[in-house]
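> Next up is a structure, given as structure tokens.
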Amino acid sequence: MSDVSPAGWPAFVHNDKGGRALARPRGDTPPLSALIDRRQMLLGAAALIATASIPRKASAAAAEKLFGFEELTAIATPQDRLPAGYARQIVIRWGDPIFAGASAFDVTGQTAENARRQFGYNNDYTAFIPLPVGSGGSDHGLLAVNHEYPLPQLMFPGLKAKDVAETIEAGQVDICMASCGVSLLEVRKAGDIWTVETSGRYNRRITADTPIRISGPAAGHDKLRTRDDPTGTSVLGTHDNCNGGMTPWGTILTCEEGSADFFSGHVDRHPDRAHMERNHYESSPYGRYGWSRFHERFDFDKHPNEPNRFEWVVEIDPFDPAAAPVKRTALGRFAHEGAHCALAADGRVVVYLGDDWEYEYCYRFVSDRPVDRADRAANRDLLDHGTLSVARFDANGSVVWLPLVWGRGPLTPANGFASQADVALYTRRAADLLGATPMDSPEGFEPDPATGDVFIALTGNPDRERHDLNPANPRPGNKHGHLLRLIPPRQDGAVDHTADRFDWRVFLLCGDPAKPADHASFHPETSTDGWFVEPDNIGFDPSGRLWVCSDGPGPRRMDGLWVMATDGPDAGLPRLFYTPPIQSECCSPAFTPDGKTMFLSIQHPSEHAEDIRSALTNWPDFEKGVPPRPALIAIRRLDGGVI
């Protein structure tokens, strides 16, 4: 097959889990690159925008004073690493109990029943919620943690990566399903040590089998109805829970980043083949994990609508363990990376959403009603009613938010949209028709709570061709990724997150500054250990600094956590603060309100090993017979100060 499709798209597109799917033409709207003809002009403009936002006078010594630590050397080791003067604690690992009386981890004695009462696998999104509710304290809280996907070959002795789907057993599949989803666990600090309160009233596990309500415009849609749920309003479970967010009223948003890997079937036989292909489903006899061999609903040959019940944002009330989670379909269906919220000046909630595949889009949801600060229960269904928009990045430095509203523009019955429910279900196709800007794998998408500016991490797009460049994605073969800065307008001094237009600029082009071909645009004082590639999760600490987790490993052959300022003389000068164990990724830095503890998820140590015996590390236990275990860590300064 040729490298480029007849429509000018590459033959294949990829995601961050190694998934590959045929590229599909995106409607009749010309790409934004039609506005700019010459690659040299495009790269020159991007570099100008990036460097204009980064003052040129700074020093490594000034950066060390600003951040208070000596930068690490960028190397991968079996252990994780921190700067001198800091300590890390393992708070909880895969398989550790989160309920009183739950079994301790035993690699040879795992059961699904035990797994439902233990911390799940491959933890990603992490949020710390102070307890008591509304206290703002930093010594007692509730942690909400996502569990993205299993790695059966590193969970069960004897399984191998090359044939997991064919050889995994029924009980092992059930354990994997029980190890996906979300963990909610109460934690308390005594002295310098955090402990899990297994008797905590809010402790909870949500898994791939938990009953979940479907709400919003797509609830009840014919294509969400199945034999087991003829109403199309209730589904079992959530999986592929990547990043997330927290609403102003204190609920958790967990994001289903994809679902294709969990299903089997023949796409060419599916009754809605174009829809399946547009959502990157490929034909597979067992899927990546073999779930359909023992749970028929994951075979879309037999249950063609079951995939449509996933790839949504799920809202969870962490303070009501009896309340069913809810899939909020008004926020659209695509590979949700995160769902980070901002409060608009008029009190409405705004949710920023990225679709984590090559050539996919950036979205924004604005609620119809303002948040009711006096009555938390009044916000229960706030996310069912509002406007989802998709971003078009113009060459003049404007972002235009294009409303995905049924009946407007091309979103009409003539183009296959019979209602807003269709727009929600077929979000990607609706965005195609509106002429949204195809991006280089949008991941972290987070407002700066201090300035209101919104930062987007784009992990990269090696498949981007020169002919389909656009100002917001200015490099062909973009292996290294970049960060954008969106600047909402101000109204009477307040940030207007609901505006139809923002300004934008390239904040950083990632890569090795010593290699001219990378076109990297870090601060000129960036050290040989300070530059990074493939930015993924991002987050702000209470001091307003930006923390960036990479998801490579790229040319570094390792991932890490970097920190930098976004304004002032040291803007764009990253420093390497933490490196996770080899072939692992650190995710979702979350801080206590006092800034003295950082919680960090460490997922998939030794991810590329064929089996447990060939693992390059068995972090964090380093005990014979114990496999590598994803874990949640807490980091602190030894002197008790702010990180």
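> Please work out which residue is nearest to the chain's Cα centre (by Cα), limiting yourself to segment 275-317 and to residues that are within 20 Å of Leu224 (Cα to Cα) and part of a strand (DSSP E or B).
Of everything passing the filter in segment 275-317, Val313 is nearest to the chain's Cα centre (by Cα).
> Among the candidates Leu131, Leu151, single out the residue that is in contact with a His (Cβ under 7 Å, 6 or more places away or on another chain) and within 19 Å of Ser292 (Cβ to Cβ). Break it down into steps so the answer makes sense when it comes.
Working: Leu131 fails: within 19 Å of Ser292 (Cβ to Cβ).
Every option except Leu151 fails the conditions.
> With respect to Thr231, determine if the residue is at pLDDT 95 or above and crowded, with 18+ Cβ neighbours inside 10 Å.
no
> Please determine whether any residue of segment 525-539 is in contact with a helix residue (DSSP H, G or I) (Cβ under 7 Å, 6 or more places away or on another chain), outside any loop (DSSP other than H, G, I, E, B) and either of a type outside the set (S, T, N, Q) or at pLDDT below 95 (or both).
Scanning segment 525-539 turns up no residue that is in contact with a helix residue (DSSP H, G or I) (Cβ under 7 Å, 6 or more places away or on another chain), outside any loop (DSSP other than H, G, I, E, B) and either of a type outside the set (S, T, N, Q) or at pLDDT below 95 (or both).
Let's see how each residue does on (1) assigned to a strand (DSSP E or B); (2) open to solvent by less than 10 Å² (accessible area, probe 1.4 Å); (3) not hydrophobic (A, V, I, L, M, F, W, C):
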residue: Trp547; (1), (2), (3): yes, yes, no
residue: Gly552; (1), (2), (3): no, no, yes
residue: Asp567; (1), (2), (3): no, no, yes
residue: Leu573; (1), (2), (3): no, yes, no
residue: Pro581; (1), (2), (3): no, yes, yes
residue: Cys586; (1), (2), (3): yes, yes, no
residue: Pro589; (1), (2), (3): yes, no, yes
residue: Asn618; (1), (2), (3): no, no, yes
residue: Val626; (1), (2), (3): no, no, no
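> Within segment 461-516, track down each residue that is buried (at least 18 other Cβ atoms within 10 Å of the Cβ) and either on the phi > 0 side of the Ramachandran plot or of a type in the set (Phe, Trp, Tyr) (or both).
Gly481, Phe502, Trp504, Phe507, Gly511
> Can you tell me which of Pro217, Pro248 is more than 23 Å from Val133 (Cβ to Cβ) and open to solvent by 20 Å² or more (accessible area, probe 1.4 Å)?
Pro217
> Could I ask something else about it? Quickly run through segment 403-418 and pick out the residues that are aromatic (Phe, Trp, Tyr) and surrounded by fewer than 21 Cβ atoms within 10 Å (Cβ to Cβ). Walk me through how you get there before you give the answer.
Going residue by residue through segment 403-418, those that are aromatic (Phe, Trp, Tyr) are 406, 417.
Listed by number, the list holds a single entry, Trp406.
Table: residues versus (1) surrounded by 24 or more Cβ atoms within 10 Å (Cβ to Cβ); (2) assigned to a helix (DSSP H, G or I).
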site: Phe156; (1), (2): no, no
site: Leu159; (1), (2): no, no
site: Lys162; (1), (2): no, yes
site: Ala165; (1), (2): no, yes
site: Val173; (1), (2): no, yes
site: Ala178; (1), (2): yes, yes
site: Leu185; (1), (2): yes, no
site: Arg188; (1), (2): no, no
site: Thr195; (1), (2): no, no
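> Hey, does segment 444-452 have a residue that's open to solvent by 30 Å² or more (accessible area, probe 1.4 Å) and outside any loop (DSSP other than H, G, I, E, B)?
Kept after step one, since they are open to solvent by 30 Å² or more (accessible area, probe 1.4 Å), are these residues of segment 444-452: 446, 449-451.
Among the residues that remain, those that are also outside any loop (DSSP other than H, G, I, E, B) are: 446.
Yes, because at least one residue in segment 444-452 is open to solvent by 30 Å² or more (accessible area, probe 1.4 Å) and outside any loop (DSSP other than H, G, I, E, B).
> What's the number of the condition Arg613 fails, among (1) within 16 Å of Pro78 (Cβ to Cβ); (2) open to solvent by 30 Å² or more (accessible area, probe 1.4 Å); (3) in a strand (DSSP E or B); (4) not small (Gly, Ala, Ser)?
Failed condition: (3).
> Surrounded by 24 or more Cβ atoms within 10 Å (Cβ to Cβ), touching a residue at least 24 places away in the same chain (Cβ under 8 Å) and not in a loop (DSSP other than H, G, I, E, B): does that describe Ala421?
Details: surrounded by 24 or more Cβ atoms within 10 Å (Cβ to Cβ): no; touching a residue at least 24 places away in the same chain (Cβ under 8 Å): yes; not in a loop (DSSP other than H, G, I, E, B): yes.
So Ala421 does not fit the description; no.
> Here's something else I'd like to know. For the subset of segment 491-506 comprising residues that are part of a strand (DSSP E or B) and over 15 Å from Val399 (Cα atoms), which member is nearest to the chain's Cα centre (by Cα)?
Top of the filtered list is Val495.
> Scanning segment 70-125 for residues that are assigned to a helix (DSSP H, G or I) and open to solvent by less than 30 Å² (accessible area, probe 1.4 Å), which turns out nearest to Ala170 (Cα to Cα)?
Going residue by residue through segment 70-125, those that are assigned to a helix (DSSP H, G or I) are 112-115.
Now narrow it down to the ones that are open to solvent by less than 30 Å² (accessible area, probe 1.4 Å): 112, 115.
Numbers: Ala112: 10, Ala115: 14 Å.
Per the stated criteria, the residue is Ala112.
The values are calculated or read from the model by the stated rules, or taken from the named source; none is laboratory data. Quick caveat: nothing in here was measured; it's all calculated off a predicted structure. Positions of Cβ are generated from backbone atoms using ideal geometry, with glycine treated the same way; all protein chains shown enter the neighbour counts. Side chains included, ligands, DNA and RNA excluded: accessible areas come from the protein's heavy atoms. Shrake-Rupley method; radii C 1.70, N 1.55, O 1.52, S 1.80 Å.
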